[in-house]
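Asks: I'd like to ask some things about the structure below.
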Amino acid sequence: MISIDNLTVEFSVRPLFRDVSFVINERDRIALVGKNGAGKSTMLKILCGLQSPTSGTVSIPNDTTVGYLPQVMKITDDTTVREETRKAFSHHIEMKATLDALQQEMAERTDYETESYLSLVEKFTQEHDRYMMMGGENYEAALERTLAGLGFSRDDLERPTSEFSGGWRMRIELAKILLQQPDVLLLDEPTNHLDIESIQWLERFLAESAKAVVLVSHDRAFINNVTNRTIEITCGHIEDYKVSYDHYVELRKERREQQLRAYENQQKEIADTQAFIDRFRYKASKAIQVQQRIRQLEKIVPVEVDEVDNRKMHLRFPPCLRSGDFPIICEEVRKDYGAHTVFDHVNLTIRRGEKVAFVGKNGEGKSTLVKCIMNEIPYTGKLKIGHNVQIGYFAQNQAQLLEDDITIFDTIDQVATGEMRLKINDLLGAFMFGGETSEKKVKVLSGGERSRLAMIRLLLEPVNLLILDEPTNHLDMQSKDVLKEAIKAFDGTVIVVSHDRDFLDGLVTKVYEFGGGKVREHLGGIYDYLQAHNAETINEAIVVASEAAKPQPAEEVKEESNSKQSYQEHKEQQKKIRKAARAVEECEKEIARLETKINELNKQLMMPEHASNIELAHEYASVKKALDKENDRWMELSETLEDMAS
């Protein structure tokens, strides 16, 4: 589908990668991996035509469509969620407008026997057939199904997009790209703004419905569940394996060990041969053997050992003045947006030196409470910041707020003061921005590099309360580990907003759970919290807690003494919900299968040799009827599931 030949990209004198060649085939699920700054996002931009390489070619057939979701996108829409998502079907809508105009013209004309009118009817018939072959007006069901999978409720569809955060608007953009059904999907960190349920839905969609996928992600579980091929950009070249990421890591380790053994054996052979030559070089009786050994040395092809990029970010938060015993105290804090209450009756106390996690589904108020603490938005109730508290705040969009048109060095020079201005190069070097790299413009940096640069700005002023809102977005696995160790070593107070349970494990000693307008405190680490809810994921734990926190009907309150019966009823209800959810999932799989079949039949019917194939046309009509029926069934099942869960 797409062929990449001898691709080279250079920034300044150092090539990002050189002479890279590979092919993207249909049904490939490629994980594009590598350290931050290795060139993953640059590769995606080149593949979709947004950036040109220094040399080399990217060959894409004319009939191949490409969909691209970047890490960062400037969104300026001002419509409803449904209207914005409908833009994915602009071609359908244009065809429908053309059909309506042709139909109107036929209704107004009375010259039924003329050649002109017959031509008009023929044109309408052809356009209508094309429209129905493309799915007709069934796109509304596909639209609702995709938005539901990405976490939008039915009520959300008529809300203005301006009411949603940047993360939710990125979900809309992702929905539009998926609904366009491109031949090749290029996704740059698609899971950064998704919760676990939406990530799992996206995994199923990509596995079942996508044609070819090239994906950049630091979510190891996501890449392993989706991909069947791994391409790593490392030290300026690529390594390409037709296996999942975990299997690739094992094979790569084995390959390097084999290379090292072969290299060591070859070096021993060279040393032995050279020793023989040196020993007998001047003995006439050994002249023939010496010449043979010399020719052997000349013919040896050196064994190459894959270079390993061992650069590592070094991170240490500077010391700071001691804060008061209670940096944060909330009493009856409440936040409303119009008629919508985000949370109320929030009472919490965070002690000096504690490291706590804010967890919960997107939109439940984690970042909102952080903004209340930062005094960025109004609220009701009492929120007290303790004595001598100095806050360092890393927001979700911190990396996006950097100025694009200045250099890395100037970005830090603008905020550095005193002696720190003399140590900027040392600080940049510790974050892998040393040497010529510091003269790069911010606009050419990857998402991970921008996050690291934003983190440096946070380090320039000593703080004793760190508030980190999704700090691991865009960071690679190694950088996550470094950041985690630095936070563990920090002697101040820390609030971490995160969905990443592996990052939180061993880091926090208290968990605040956001859900259903409430904030609940749980003592212990993240796995203690999960175990208490008998859950494997953070979101699963939140669902369990939300169900338990729902007010019971009056009849059940009267029978509260019969706890076994209540528990049994709850179990039965959960069983019904799971059964309904499975029915929806099976229906979605069948729809995906039928849509794939429709696309295959479409391609065949478009071929001139099949234009009059009656059997093929009948098969198309039959599959189309089955697809319409499944779409109707999906809407019924979805409504049933929604009613049961509400």
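Asks: Please report the carbon-and-sulfur percent of the accessible area for the range 577-646; probe 1.4 Å, protein heavy atoms only, DNA, RNA and ligands left out.
Replies: Values: 2440 of 4510 Å².
That fraction is 54 percent.
Asks: Carbon-plus-sulfur fraction of the accessible area of the range 399-529, 1.4 Å probe, in percent?
Replies: Details: 2420 of 5160 Å².
Carbon and sulfur together cover 47 percent of it.
Asks: With point charges of +1 on the Cβ of Lys and Arg and -1 on the Cβ of Asp and Glu, referenced to the Cα centre of the range 39-84, which listed residue (GLY49, GLN71, GLY39) lies farthest in the positive direction of the dipole?
Replies: With unit charges placed on the Cβ atoms, the residue in question is GLY39.
Asks: Quick one, what does Rg over Rh come out to for the range 72-112 if you take C-alpha atoms and the Kirkwood Rh?
Replies: Reported Rg/Rh (Cα atoms, Kirkwood Rh): 1.28.
Asks: Can you pull the one-decimal nm distance between simple spin-label points at GLN274 and MET607, each 7 Å off the Cα toward Cβ?
Replies: 6.3 nm
Asks: Over the range 149-221, what per residue volume does the convex hull of the Cα atoms give, in whole Å³?
Replies: On the way: hull volume 6.9 nm³, N = 73.
Convex hull of Cα atoms, per residue: 95 Å³.
Asks: I need two numbers for the range 101-208: Rg to one decimal and Dmax as a whole number, Cα atoms only, in Å.
Replies: 20.4, 62
Asks: Can you tell me how much longer the chain between ALA581 and GLU403 gets when fully stretched, taken as 0.36 nm per residue apart minus their C-alpha distance, in nm with one decimal?
Replies: On the way: separation 178, 0.36 × 178 = 64.08 nm, distance 4.55 nm.
Answer, rounded to one decimal: 59.5 nm.
Asks: Between GLU461 and THR57, what FRET efficiency follows from the Cβ-Cβ distance if R0 is 45 Å, with the result rounded to 0.05?
Replies: Values: r = 48 Å, r/R0 = 1.07.
FRET efficiency, GLU461 to THR57: 0.40.
Asks: Okay, next question. Where does each of 326-333, 438-445, 183-190 land if you order them by average Cβ count within 10 Å, highest first? Don't skip to the end; give the middle numbers.
Replies: Working: 326-333: 18.6, 438-445: 16.2, 183-190: 24.2.
Going from most to least packed, we get 183-190, 326-333, 438-445.
Asks: So what is the relative contact order of the range 323-422, in percent, for Cα pairs below 8 Å that sit 6 or more residues apart? Can you show the working numbers first?
Replies: Values: 111 pairs, mean separation 32.4, N = 100.
Relative contact order here is 32 percent.
Asks: Can you give the charge dipole size of the range 74-215 about its Cα centre, rounded to the nearest 20 debye, using +1 on the beta carbon of Lys and Arg and -1 on the beta carbon of Asp and Glu?
Replies: Working: 16 positive and 29 negative charges, 94 e Å.
Around 460 debye, computed over the range 74-215.
Asks: Evaluated at 4 °C with a viscosity of 1.567 mPa s, what Stokes-Einstein diffusion coefficient in µm²/s does the range 308-398 have when Rh comes from the Kirkwood expression over alpha-carbon pairs? All intermediate terms of the calculation are to be shown ahead of the outcome.
Replies: Working: Rh = 15.3 Å.
After rounding, the answer is 85 µm²/s.
Asks: Related question: Classify the chain as rounded, prolate or oblate from the Cα gyration tensor: take a ≥ b ≥ c as the square roots of its eigenvalues, call it rounded if a/c is under 1.5, otherwise prolate when a/b beats b/c and oblate if not. Please list the in-between numbers first.
Replies: Details: a/c = 1.89, a/b = 1.12, b/c = 1.68.
The shape class here is oblate.
Asks: Compute the accessible area per residue over the chain, keeping the other protein chains in place, probe 1.4 Å, unit Å². If you can, show how the numbers build up before the last one.
Replies: Working: 33750 Å² over 646 residues.
Per-residue value: 52 Å².
Asks: I've got another one for you. Set the bar at 30 Å for Cα to Cα. Now go through LYS384/LYS510; LYS253/LYS355; LYS176/LYS603; LYS176/LYS518 and name every pair that lies beyond it.
Replies: Flagged as over cut-off: LYS253/LYS355; LYS176/LYS518.
Asks: Quickly work out the ALA262-to-THR114 label distance, labels modelled 7 Å from Cα along the C-beta direction, and quote it in nm with one decimal.
Replies: Result: 7.9 nm between the two label points.
Asks: May I pose another question? Among GLY236, VAL301, ASN362, whose Cα projects farthest towards the positive end of the dipole of the chain, with charges put on the beta-carbon of Lys, Arg (+1) and Asp, Glu (-1)?
Replies: Checked the options; the winner is VAL301.
Asks: Under the definition of Cα pairs under 8 Å and six or more residues apart, what whole-number percent is the relative contact order of the chain?
Replies: Working: 954 pairs, mean separation 84.1, N = 646.
Computed over the chain, the figure is 13 percent.
Asks: Still on this model: For the chain, what is the mean residue ellipticity at 222 nm derived from helices alone (per DSSP H run of n ≥ 4: -39500 (n - 2.57); sum divided by total residues; nearest 500 deg cm²/dmol)? Don't skip to the end; give the middle numbers.
Replies: Numbers: 21 runs with 297 residues, N = 646.
Helix-only estimate at 222 nm: -15000 deg cm²/dmol.
Asks: Divide the volume of the convex hull of the Cα atoms of the range 423-522 by its number of residues and quote the answer in cubic angstrom per residue. Mind dumping the intermediate values first?
Replies: Numbers: hull volume 12.7 nm³, N = 100.
Dividing the Cα hull volume of the range 423-522 by its residues yields 127 Å³.
Asks: Give a quick list of trypsin sites (Lys or Arg not before Pro) in the range 43-100 that DSSP marks as loop, anything other than H, G, I, E or B, with at most 13 other Cβ atoms within 10 Å.
Replies: Values: sites: LYS45, LYS74, ARG82, ARG86, LYS87, LYS96; in loops: LYS74.
When the trypsin sites (Lys or Arg not before Pro) of the range 43-100 are filtered for loop state and at most 13 Cβ neighbours within 10 Å, LYS74 remain.
Asks: If exposed means no more than 14 neighbouring beta carbons inside 10 Å and the site is in a DSSP loop, what's the longest run of the chain without any exposed chymotrypsin sites (Phe, Trp or Tyr not before Pro)? If you can, show how the numbers build up before the last one.
Replies: Working: sites that count: TYR112, TYR282.
Excluding the exposed sites themselves, the longest stretch runs over 283-646.
Asks: Keeping all protein chains in place and using 1.4 angstrom, which order do GLU26, GLU203 fall into by accessible surface area, from largest down? All intermediate terms of the calculation are to be shown ahead of the outcome.
Replies: On the way: GLU26 105, GLU203 30 Å².
The ordering from most to least exposed comes out as GLU26, GLU203.
Asks: Let me ask something else about it. Per the 1.4 Å probe, what fraction of the accessible area of the range 69-204, in percent, lies on carbon and sulfur atoms?
Replies: Details: 3200 of 6480 Å².
Answer for the range 69-204: carbon and sulfur cover 49 percent of the accessible area.
Asks: Hey, another quick one. Which one of VAL442, THR596, GLN267 has its Cα pushed farthest toward the positive end of the charge dipole of the chain, where Lys and Arg give +1 and Asp and Glu give -1 at the Cβ?
Replies: GLN267
Asks: Something else: Roughly how big is the chain's charge dipole about its Cα centre, with Cβ charges of +1 (Lys, Arg) and -1 (Asp, Glu), in debye to the nearest 20?
Replies: Numbers: 85 positive and 108 negative charges, 655 e Å.
Its charge dipole is roughly 3140 debye.
Asks: Given the C-alpha centroids of the range 163-215 and the range 324-346, what is the distance between them in whole angstrom?
Replies: 33 Å
The values are calculated or read from the model by the stated rules, or taken from the named source; none is laboratory data. These numbers come from a predicted model, not from an experiment. Cβ sites come from the backbone with ideal geometry, for glycine too, and all protein chains shown count toward neighbours. When the accessible area is computed, the model is the full protein with side chains, heavy atoms only, and any ligands, DNA or RNA have been set aside. Shrake-Rupley method; radii C 1.70, N 1.55, O 1.52, S 1.80 Å.
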